[in-house]
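**Q** Provided herewith is a single structure, encoded as structure tokens, for subsequent inquiry.
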Amino acid sequence: MSLSVGDRAPEFSLPDQDKQVVSLAELRGTPVLLVFYPFAFSGICTGELCQLRDELAAYTDAGVKVLAISTDPVFSLKAFKAAEGFDFPLLSDFWPHGETAQAYGVFNDKAGMAVRGTFLIDAEGVITFAEVNGPGDAREQSGWKDAVAKIAA
């Protein structure tokens, strides 16, 4: 079961594409958009993250830190970030496999991957927006921007 609006966001510490650990606790005081996605280099995931890259200012201008999370190893994420020019961290939930995705209720244990879960966490660590889409269902990002506008106001 995934998390809902009003729930406290589970803490995590995950390595990014450069093996630098990113901790949700260290980002307290800053709103954070978590974008879980199944796999680097897959068609829908690439399209979603490229749209996020192209529209990143809608989030960063509002003071929101964007983090994308998959169960891919850091080496795949490093190549993915370089290939697509992403300006936000790609976090690896590879080991323990999918532990953070499980904590957020967006892990598909049969496929060993995160599904498309999106969570906006306010500066105090409370989820203010939550959306979960199936693996083949591309996300509409306008809802994310509306949620960001509400916490930035």
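Coordinate-derived values only; no laboratory data. If you're wondering where the values come from, they're calculated on a predicted model, not measured in any experiment. All Cβ positions, even for glycine, are placed from backbone atoms using ideal geometry, and neighbour counts span all protein chains on display.
**Q** Name the residues in region 60-76 that are touching a residue at least 60 places away in the same chain (Cβ under 8 Å) and within 13 Å of the chain's Cα centre (by Cα), would you?
**A** Once the filter is applied, which keeps residues that are touching a residue at least 60 places away in the same chain (Cβ under 8 Å) and within 13 Å of the chain's Cα centre (by Cα), region 60-76 yields only V64.
**Q** So, in region 51-83, of the ones that are in contact with a Ser or Thr (Cβ under 7 Å, 6 or more places away or on another chain) and assigned to a loop (DSSP other than H, G, I, E, B), which residue ends up surrounded by the fewest Cβ atoms within 10 Å (Cβ to Cβ)?
**A** The residue in question is G63.
**Q** Might you let me know whether region 14-22 holds any residue that is surrounded by 17 or more Cβ atoms within 10 Å (Cβ to Cβ) and either of a type in the set (K, R) or closer than 14 Å to F119 by Cα (or both)?
**A** no
**Q** Please go through region 90-138 and pick out each residue that is assigned to a loop (DSSP other than H, G, I, E, B), buried (at least 16 other Cβ atoms within 10 Å of the Cβ) and out of contact with any Lys or Arg (no Cβ under 9 Å at 6 or more places or on another chain).
**A** D93, F94, G98, Y104, G105, V115, D122
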